[in-house]
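**Student:** The following block contains the structure, expressed as structure tokens.
Throughout, read-outs are computed from the coordinates displayed, never taken from laboratory work. Bear in mind that the values here come from a model prediction, so they are computed numbers and not experimental data. Positions of Cβ are backbone-derived with ideal geometry, glycine not excepted, and every protein chain shown enters the neighbour counts.
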Amino acid sequence: MFRKDKSIMYEDTQEIAYKVLRMYSDGQLPIDPFKIISKIKNVKIFSYHDYAQSIKGKEEFKDFTISEIISTMPSKEGFSCCYGSDYVIFYNEKMPIARIKWTLFHEMGHHFLEHLKEGYCQKRFFNNEKQYEDVLEKEANNFARHCSSPLPIAYHLYLKTFNINKELPELFKYYFDMSEDTSEICSKHFDKHLIHYITDKHKFLVEFFKKSIGITARNLHLRMYINQLNDFLEILKYL
């Protein structure tokens, strides 16, 4: 991305996230980061265990166990790096699936925002390395939020399901199958900035997910009906 100052580029990262969804996702909800990554030519992905297994045969690692190799990873959740012409994402497969998905979206953010390609021209706006790194992390998080839980899609889902007696974070969790924390953050942003997502600005993204929006909304209504029926049957047992 082109930087002109040290501000966090929220709008740019959002638009790039939506562009990635149109280019690489299959238009299905919830959005699967594994499927997106599989379609990107120069992006590779390894679980910690698979990577540790692949290097254990090398001379310098032959005396280490798989667990010992994994313990040297720089993060307990995941990280990414450039290796030749490839961008490689590593993730801890023992984390909860919602957390794994967030990690993959976050690391994809660093790739598509071209953070690893930035140099002096971008860093010169910042007072120190930590300030610069904090901005990169916030931009990658913003990308992850919008790629995992696109708010224009949430708006059209909400139009079809607002009459369901559920709090907004619960609806978001069902819509996008992310963690409670992610659902809470995204739903708060949605509630606060709704005006930005009711325009035709993102009509191509909405059209791309149109079929899945309808299916997801119908399935949620069906699930709520079944839950209510089960609750009623439980009450009958005590009459």
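**Student:** Considering the Cα positions of segment 136-184, please state its Rg to one decimal place and its Dmax as a whole number of Å.
**Tutor:** 11.5, 39
**Student:** What area, in nm² and to one decimal, does the C-alpha convex hull of the chain cast on average over all directions?
**Tutor:** Values: hull surface 70.1 nm².
With every direction weighted equally, the projected area is 17.5 nm².
**Student:** Still on this structure, please answer the following. Residue 56: which aspartates and glutamates have alpha carbons under 12 Å from its alpha carbon, excluding same-chain residues fewer than 8 sequence positions away?
**Tutor:** 68
**Student:** Ranked from highest to lowest mean number of other Cβ atoms within 10 Å per residue, what is the order of the peptides 175-181, 34-40?
**Tutor:** Packing order, densest peptide first, comes out as 175-181, 34-40.
**Student:** Turning to a different aspect of this structure: Using the Cα centre of the chain as the reference point, and only Cβ charges (+1 on K/R, -1 on D/E), how large is the resulting charge dipole? Debye, rounded to the nearest 20.
**Tutor:** 660
**Student:** Just the number, please: percent antiparallel of the DSSP beta bridges in the chain, rounded to the nearest 5.
**Tutor:** That works out to approximately 55 percent antiparallel.
**Student:** Evaluate the Debye formula for segment 149-239 with equal point scatterers sitting on the alpha carbons, no solvent, and hand back log10 of I(q)/I(0) at q = 0.18 Å⁻¹, in q order, two decimals.
**Tutor:** These q points yield log10 I(q)/I(0) values of -0.81.
**Student:** Evaluate the distance, in nm, between pseudo-label points positioned 7 Å from the Cα of residue 163 and of residue 234 along their respective Cα→Cβ axes.
**Tutor:** Spacing of the two 7 Å Cα→Cβ label points: 2.5 nm.
**Student:** Of the cross-linked pairs 39/192; 19/138; 44/166; 117/201; 173/210, which ones have a Cα-Cα span greater than 27 Å in the structure shown? It would help to have the intermediate numbers written out before the result.
**Tutor:** Working: 39/192 34 Å; 19/138 19 Å; 44/166 39 Å; 117/201 29 Å; 173/210 19 Å.
Among 39/192; 19/138; 44/166; 117/201; 173/210, the Cα-Cα distance tops 27 Å for 39/192; 44/166; 117/201.
**Student:** Then there is this: For segment 1-39 and segment 153-224, write down the distance between their C-alpha centroids in whole Å.
**Tutor:** Taking the Cα centre of segment 153-224 as reference, the centre of segment 1-39 is 18 Å away.
**Student:** Before rounding to the nearest 500, sum -39500 (n - 2.57) across all DSSP H runs of length at least 4 in the chain and divide by the residue total; then give [θ] at 222 nm in deg cm²/dmol. Working shown, then result.
**Tutor:** Values: 12 runs with 140 residues, N = 239.
Result for the chain, helices only: -18000 deg cm²/dmol.
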